[in-house]
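Just below is one structure, and these are the notes that go with it.
The values are calculated or read from the model by the stated rules, or taken from the named source; none is laboratory data. Only a predicted model underlies this, so the values are computations on that prediction, with no experimental measurement involved. Cβ atoms come from the backbone with ideal geometry, glycine included; neighbour counts cover every protein chain shown.
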Amino acid sequence: MERDHRCPRCRIPLKSPVRIGTVAVDPCGRCGGLWFGQGELARVVKESVGSVPDGSPFGGKRPDGGLTCPACDAPLGTYEFVESDGGAFDVDLCQRCGGVWLDQGELERVQRSRAREVVEARTGWRGWLFQFLLQVPVELNLPPLRFPLVTVALVLANVIGFVILFIPPSPMVVVERFALYADRVPSAQWLLSLLTHQFLHGGIVHIALNMYFLYKLGDNVEDALGRGGYILFYLACGVAGGVAQTLMTPGSAVPVVGASGAISGLMAAYALFYRKARLTWMLIVFQFRLAAPWWVLIWFGLNVAGYLAKQQGIAWGAHLGGFLTGLALAFVLDRAVLRRNPRVRLLRDL
């Protein structure tokens with residue numbers, strides 16, 4: 001866009017473009033309005049929200065405001081933008097070039113409205129059938145903002161670790177060397193096993209459930225923390241879970257394997273960062289939507305109950321230790337996440 005294009009309201013030249021995500025938009029230095037070329041507003045919303053619901057958000061035609069397009073000098077038409085909470089405001093569109101003019105503060109209203117639509121979207125029949133067959137919580141409304149490279153790599157590493165257990169000479173050789181044993185404190189092997197035990201699993205159901213939650217929740221936590229911070233966060237929660245399990249079962253010779261400590265930490269971070277997100281759970285054939293913090297709180301309560309009941313076969317200490325560590329780290333990192341991640345800010349303000 002040429003730099004002599006003028007603000008439709010103030011009639012002064014628009015300033016040099018500023019970047020919102022990957023999109024360069026033209027601001028007015030006086031009134032704070034923003035000019036978006038054809039398709040640019042949709043790109044900004046998609047990058048900040050994660051997906052754009054089907055259908056146009058623009059309602060009926062309104063009396064024109066007498067504004068002129070900064071790009072092609074055609075009259076701007078005025079249309080109603082219908083917000084998902086029932087509110088509405090006027091937006092100026094150019095029917096010739098497809099550009100959009102937003103007054104100061106209207107971009108935030110557009111983003112917040114579309115974010116609310118994403119969060120409140122229903123899972124549909126496919127989501128219902130998936131949950132009916134597998135009876136696991138479903139979160140389909142927050143697709144990652146970019147490809148979750150670290151999450152996918154962690155899933156693959158866990159699958160490889162699981163497959164290795166079935167390669168001769170014997171699964172027990174791998175378990176003996178790399179599983180976590182509380183009775184080996186404080187040896188070097190125990191320290192190493194705080195990392196290695198996270199990538200081994202005791203059965204197909206064990207790894208399937210862990211990898212499901214890792215993939216469904218981890219992609220969003222990866223968005224929030226960034227790839228480097230995310231892998232450190234994941235491993236730290238797993239290590240903390242291993243330490244907690246050792247402390248809660250001192251002297252135990254029972255091997256502990258699984259990524260449950262790390263994934264418990266991801267649950268805590270997801271519930272804090274995306275506290276307005278909703279997961280569905282199923283009672284018989286009926287789906288209910290529950291805010292992520294409530295769902296995670298119920299999960300945490302069940303784990304406390306399992307530990308107090310001394311139920312065998314589950315590493316309750318790893319679950320609880322990983323969760324509490326993840327929650328503490330997420331609280332410490334929350335302000336930085338809000339500063340660098342627009343979607344977390346949008347969802348927090350709903």
*Could you tell me which residue of the stretch 303-350 is modelled with the highest pLDDT, considering only residues that are within 28 Å of L180 (Cα to Cα), loosely packed, with under 12 Cβ neighbours inside 10 Å and hydrophobic (A, V, I, L, M, F, W, C)?*
A305
*For the stretch 174-184, state whether one or more residues are within 27 Å of A277 (Cα to Cα), surrounded by 13 or more Cβ atoms within 10 Å (Cβ to Cβ) and basic (K, R).*
no
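Can you say whether G242 is in contact (Cβ under 8 Å) with a residue 24 or more places away in the chain and more than 27 Å from L149 (Cα to Cα), as far as the supplied structure shows? Step through it out loud before you land on a result.
Values: in contact (Cβ under 8 Å) with a residue 24 or more places away in the chain: yes; more than 27 Å from L149 (Cα to Cα): no.
The answer is no for G242.
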*Hey, among the residues in the stretch 38-87 that are modelled with pLDDT under 75 and over 24 Å from L347 (Cβ atoms), which one's surrounded by the most Cβ atoms within 10 Å (Cβ to Cβ)?*
G59
_Any residue at all in the stretch 283-301 that's assigned to a helix (DSSP H, G or I), at pLDDT 90 or above and surrounded by 15 or more Cβ atoms within 10 Å (Cβ to Cβ)?_
yes
*Restrict the check to the stretch 307-325 and report whether at least one residue is more than 21 Å from I231 (Cα to Cα), assigned to a helix (DSSP H, G or I) and either out of contact with any Phe, Trp or Tyr (no Cβ under 9 Å at 6 or more places or on another chain) or free of Cβ contacts under 8 Å to residues at least 12 places away in the same chain (or both).*
yes
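Which residue out of A259, A224 is surrounded by 24 or more Cβ atoms within 10 Å (Cβ to Cβ), in the same structural domain as L195 (by TED's automatic domain parsing), under 14 Å from the mean Cα position of the chain (by Cα) and in contact (Cβ under 8 Å) with a residue 24 or more places away in the chain?
Numbers: A259 fails: under 14 Å from the mean Cα position of the chain (by Cα).
Sole residue among the options that is surrounded by 24 or more Cβ atoms within 10 Å (Cβ to Cβ), in the same structural domain as L195 (by TED's automatic domain parsing), under 14 Å from the mean Cα position of the chain (by Cα) and in contact (Cβ under 8 Å) with a residue 24 or more places away in the chain: A224.
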